[in-house]
Amino acid sequence: STELKETVFVIQSQSNSFHSKRAEDLKRDILKQAVNLGKELPTVLLIHQINRHEGAWTILPLMRDFSITYGRNSSWIFFCEEDTRIQVVKLLETLRRFDKSKEWFLGKALYDEESTIIHHYAFAENPTVFKFPDFAAGWALSIPLVNKLAKKLKSEPLKSDFTIDLKHEIALYIWQKGEGPHLTPVPEFCTHDVNSYKVDHCATTFSNFLPLCGEPVNKEDVFVAVKTCRKFHGDRIPVVKRTWEREAALLEYYSDFADNSIPTIDLGVPNTDRGHCGKTFAILERFLNHTSPRTPWLVVVDDDTLISIFRLRKLLSCYDPNEPVFLGERYGYGLGTGGYSYITGGGGMVFSRTAVQKLLASKCRCYSMDAPDDMVLGMCFSGLGVPVTHSPLFHQARPMDYPKDYLSHQIPVSFHKHWNIDPVKVYFTWLAPNTEESRNGKKVEYNREDL
């Protein structure tokens, strides 16, 4: 009966009210299962409540705390997401197969089919050799490994400035260029839907593809701002018009040149090769001052972002626009040493009007016109105490930059970039409301496997 007490559950929770409630529900479920088993209760931690670290969500900065607090009396630390569903008895049976006195890194294995920019082209010769955990299925570290990582972190602080894909970066850190353990794949850690016929052997399942909390928000409640510039009017804007533009009721194109045929609006901000901070802040000012105050949501995308506004409206039904919400795919900068989180721009940045009001009422602005807009926004919101809210359904890269198994339990909201792909085909395969395109009266269905 000590096994459960020796397992520490860590839920990768967030402070936004929708997410914190889901994490609390999962915590209650784990404790209720423990009570029903008549066992001593395990420790269940919510990441967002471990407030000492802005970078708590990146987990490695917490290793020393975990080692000090649980290093003597525990056997396992089990990490999961708010939508992971856990069969506690099966989980204990699964962990029992592994010698808790040894260093173990357990999870459901993902791997790259081809080397990708989001993993800095790691293992370019053969990316399939390196395995990293799908957080949705849960993953576990034995206490001897936690203690070893804590010791290493004490003598060698984290070097990487950027946190881009946490699951890959954690696996790389644990692997230690081959000196540490590889991920051991555990078939009982699953991401099948809880109602699937495949889950009989599973200790974990995953319950959520695309959240919906009541009716989708109205089309008129979402204002879409597309950032473009004159040199891309000819090739990128036609893709937007052929794909997702029709899903948006309120949409404007912002450029460095007014082209009536699109039409684009010249914000009076010259185009910069990178950054676009000046342009993005001009868009935020315009949203606050020139759109209906009854429009609660702003979405800012690049001209090469592929997005489903239809799905975004479902997702936004779960968020309270009276809260300052800054939503998208979360990245981190300098989180081992203070730093801040930010929403990466290419996947789409979603703001509640409340968040825009709070930001513009502050004195936080671009330090230069070509500063990276997404990072400056992250820095500003961090200073204002407004949390970044992460959704894995937004993607800064293309579908082929993610493992197929990872995308298989998602209904994605966005992808980004037109490199070496047919972006129209990607949209109709992955994002269109019916994921099929009607051409000349014929329906053309695309196969995701081809992309």
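The values are calculated or read from the model by the stated rules, or taken from the named source; none is laboratory data. On a predicted model such as this, the values are computed, not experimentally measured, just so you know. Virtual Cβ from ideal backbone geometry, glycine too; neighbours counted across all protein chains shown. Just so you know, the surface numbers come from the protein's heavy atoms only, side chains and all, with ligands and any DNA or RNA stripped out. Shrake-Rupley method; radii C 1.70, N 1.55, O 1.52, S 1.80 Å.
Of everything in segment 170-222 that is among the charged types (D, E, K, R) and part of a loop (DSSP other than H, G, I, E, B), the residue that is surrounded by the most Cβ atoms within 10 Å (Cβ to Cβ) is Glu188. Taking the conditions exactly as written (in contact with a strand residue (DSSP E or B) (Cβ under 9 Å, 6 or more places away or on another chain) and open to solvent by less than 20 Å² (accessible area, probe 1.4 Å)), does Thr84 satisfy them or not? Yes: the conditions hold for Thr84. Scanning segment 387-400 finds no residues that are more than 25 Å from Val426 (Cα to Cα) and touching a Cys at 6+ places or on another chain (Cβ under 7 Å). Among the residues of segment 136-156, the ones that are within 13 Å of Phe105 (Cβ to Cβ) and under 25 Å from the mean Cα position of the chain (by Cα) come to 6 in all. No other residue among Arg330, Arg365, Arg294 is crowded, with 22+ Cβ neighbours inside 10 Å and charged (D, E, K, R) apart from Arg330.
Here Ser382, Ser408, Ser414 are screened, and the one residue that is among the small types (Gly, Ala, Ser), in the same structural domain as Glu323 (by the TED database) and touching a Gly at 6+ places or on another chain (Cβ under 7 Å) is Ser414.
The single residue among Cys202, Cys190, Cys229 that is in contact (Cβ under 8 Å) with a residue 24 or more places away in the chain, of a type outside the set (A, V, I, L, M) and under 22 Å from Phe130 (Cβ atoms) turns out to be Cys190. Per the conditions (1) open to solvent by less than 30 Å² (accessible area, probe 1.4 Å); (2) touching a helix residue (DSSP H, G or I) at 6+ places or on another chain (Cβ under 9 Å), the sole criterion not satisfied by Ile164 is (1). Apart from one condition, Asp112 fits all of (1) surrounded by fewer than 19 Cβ atoms within 10 Å (Cβ to Cβ); (2) modelled with pLDDT of 95 or more; the exception is (1). For Arg28, state whether it is more than 24 Å from Leu153 (Cα to Cα) and either open to solvent by 20 Å² or more (accessible area, probe 1.4 Å) or within 17 Å of the chain's Cα centre (by Cα) (or both). Yes. Among the residues of segment 330-358, those identified as within 19 Å of the chain's Cα centre (by Cα), closer than 28 Å to His290 by Cα and not aliphatic (A, V, I, L, M) are Tyr342, Thr344, Gly345, Gly346, Gly347, Gly348, Phe351, Ser352. Scanning segment 6-23 for residues that are open to solvent by 60 Å² or more (accessible area, probe 1.4 Å) and either more than 19 Å from Gly332 (Cα to Cα) or assigned to a strand (DSSP E or B) (or both) gives a single hit, Lys21. Just wondering, is there one or more residues in segment 374-392 that are out of contact with any Leu (no Cβ under 6 Å at 6 or more places or on another chain), on the phi > 0 side of the Ramachandran plot and not acidic (Asp, Glu)? Yes: one or more hits. Scanning segment 255-291 for residues that are farther than 23 Å from Asn218 by Cα and among the aromatic types (Phe, Trp, Tyr) gives Phe257, Phe281. For Lys167, are the conditions met, namely being assigned to a helix (DSSP H, G or I) and either closer than 25 Å to Val199 by Cβ or free of Cβ contacts under 8 Å to residues at least 60 places away in the same chain (or both)? Taking the combined requirement at face value, the residue satisfies it.
Here are the criteria: (1) closer than 29 Å to Thr389 by Cβ; (2) crowded, with 20+ Cβ neighbours inside 10 Å. Tell me which single one Asp65 does not satisfy. Result: Asp65 passes all but (2). Inspection of segment 40-53 identifies at least one residue that is farther than 18 Å from Asn147 by Cα, surrounded by 20 or more Cβ atoms within 10 Å (Cβ to Cβ) and over 26 Å from the mean Cα position of the chain (by Cα). Regarding segment 24-38, can at least one residue be identified that is outside any helix (DSSP H, G or I), in contact with a Phe, Trp or Tyr (Cβ under 7 Å, 6 or more places away or on another chain) and at pLDDT 95 or above? No.
Evaluation of Val269 against the conditions (1) modelled with pLDDT of 95 or more; (2) open to solvent by less than 40 Å² (accessible area, probe 1.4 Å) shows that the sole unmet condition is (1). The conditions of being open to solvent by less than 20 Å² (accessible area, probe 1.4 Å) and farther than 21 Å from Gln410 by Cβ are met by Cys380.
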